[in-house]
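I have placed the structure first, in the form of C-alpha cells, so that the comments after it can refer back to it.
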Amino acid sequence: MNPLPTRRRGTALRLTAAALGLTLALSGCVSSGRTSHPDNFAGDIACPVDPDPSITTTARVGWQAIPNGDLVVKDLELLEACMPEANISWIKMNSGGDAIQAFGSESLDISQVGSSPAVKSASPPLSKDVKVIWISDVIGDAESLIVKDPAVEKLSDLTGKTIAVPFGSTAHYSLLTALGEEGLTGKVRVINLATDAILAAWQRDEIDAAWVWEPTLTQLVESGHPILSSKDSAGLGAPTYDLVAGTASFLEENPDFLRMWTLVQAEGTRLLTEEPDKAAVSISVQLGVPVEDAQKLLDGYLYPTLQEQAGPEYFGGDGLAEAFRGTAEFLEQQREIDALADSSVYAEMPYGDAIEEAAK
C-alpha cells in the first residue's frame, strides 16, 4: 500500500490563529442547560470569521461520537453562527456504514465517515460518487481490540473465539489487517455489531473481544484490556482516518457553504491542537463523559491542520488518493468489495478546492 504518513504529534498539531485569522473565546466550564443536542445549547459563541448571511443552503450533516474537531464545531454551533440563514440539520450516525447507507438513500449531504467505508462506498458494487473534503483525524490508540479474558495477551490467543466489530468501519479494516498478518483469517469468528450492541453483547458474555472506538472502548476496558490498536495496524501498512465526505452533487452546487464549512472545521482543529483543555469541554459535553476523560481521549489521535491538509501529503498531492487506492486493494483481497474501481475514482475522491482556498 501507499499509506499516508503519520507525523509526530509535535509537528502535526500546529496551526496558529493568525494563519486563519480566527479567534474564539471558550469558557472552561460547561454552560448551564448545554446538552448533546445543539438545539439545547445555552451560550453565545460568535462566529470566528465574518458571518455570511447570504448562504441559505439546506444541509443534512451526519456526525459521529468521535473526539475530533467536528464535535467541537457541533457543540459550539459554529456552523449556525457563521451561516445564520442556512438550514443545518445534525443527524447522528453510529458508524461509517450508517453514513454510507444514508448517502445511498440520498438522506444525507455530508458526514463524518471512516476511510475504509468511504473507499468501500466508491467501489463496486456501491460505486457512489462521494468526495472527501476533510481529514478529521488520523486514528491511533483510539480504536483498539479489547479482550475480556485476562489470560489473553496476543491475537493468536483468540483462535476459535468471537470478535465483534462494526462491519465496513475503520475498526473492521484494522481487525482484518491484523488477522491476515497473523494468519488467523477464518480461524476466529468475526461478527457484525453496532457499538451499542457490542456493549450489550459484552455484558451478556456473548463475545470474547471487540475492536471498537470511544465511548464504547472505555466502557469495555472497565472489565477488559487492550492487546492491539489501529496504531499497530497502521504499522502493518493499513493506516485509518476519520474523514468528512459529501455527495458530489451537493458539494458542486454549494461552494460557498463548503468554503465556510472548511474555515469552521479548521477552527475546530485549531482549538483541539492549541487549546485542548478548552476544546475538551465540548468533547465531554458531546460524548457525555467527564472533562478529564475527554482530555485523555485526544491522545489517541493526530489532528492534521488546515495548512498540512493543503500540503502534498494530503489534498495538495497524491498521498490521499494513493492511500484510498491501497485501502481498496485490501478490501478487494478480503472480498469486502466486488472489484476495484477505475484508478481515476480513487484519484478524484479527494475534493480539496475549499481547503486550498482557505489555506491561502
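The values are calculated or read from the model by the stated rules, or taken from the named source; none is laboratory data. The shown structure was predicted, so the numbers you read here are calculated from the model rather than taken from an experiment. Glycine also receives a Cβ, built like all others from the backbone with ideal geometry; neighbour counts cover every protein chain displayed. Quick note on the areas: whole protein, heavy atoms, side chains included, nothing else; ligands and nucleic acids left out. Shrake-Rupley method; radii C 1.70, N 1.55, O 1.52, S 1.80 Å.
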Carbon and sulfur %, accessible surface of the chain computed with the full protein complex present, 1.4 Å: 45
Rough spin-label spacing in nm, given labels placed 7 Å along Cα→Cβ, for Thr185 and Glu329: 1.4
Estimated 222 nm signal from helices in the chain, with DSSP H stretches of n ≥ 4 weighted -39500 (n - 2.57), rounded to 500: -11000 deg cm²/dmol
Size of electric dipole in segment 40-144: Cβ of Lys, Arg +1 and of Asp, Glu -1, about Cα centre, debye, nearest 20: 460
In the chain, lysine pairs closer than 18 Å at Cα, eight or more apart or cross-chain: 10
Principal axis dimensions, segment 62-192 - Cα atoms, whole angstrom, descending: 56, 34, 19
Sequence ranges 247-255, 165-173, 314-322, ranked by mean other-Cβ count within 10 angstrom, highest first: 165-173, 314-322, 247-255
FRET efficiency, 1/(1 + (r/R0)^6) with R0 25 Å, evaluated for Ser343 and Glu253 via beta carbons: 0.40
Listed residues Pro239, Pro51, Pro350, most fluctuating in the chain (Gaussian network, C-alpha, under 10 Å): Pro51
Directionally averaged shadow of segment 178-302, computed from the convex hull of its alpha-carbon atoms, nm²: 10.5
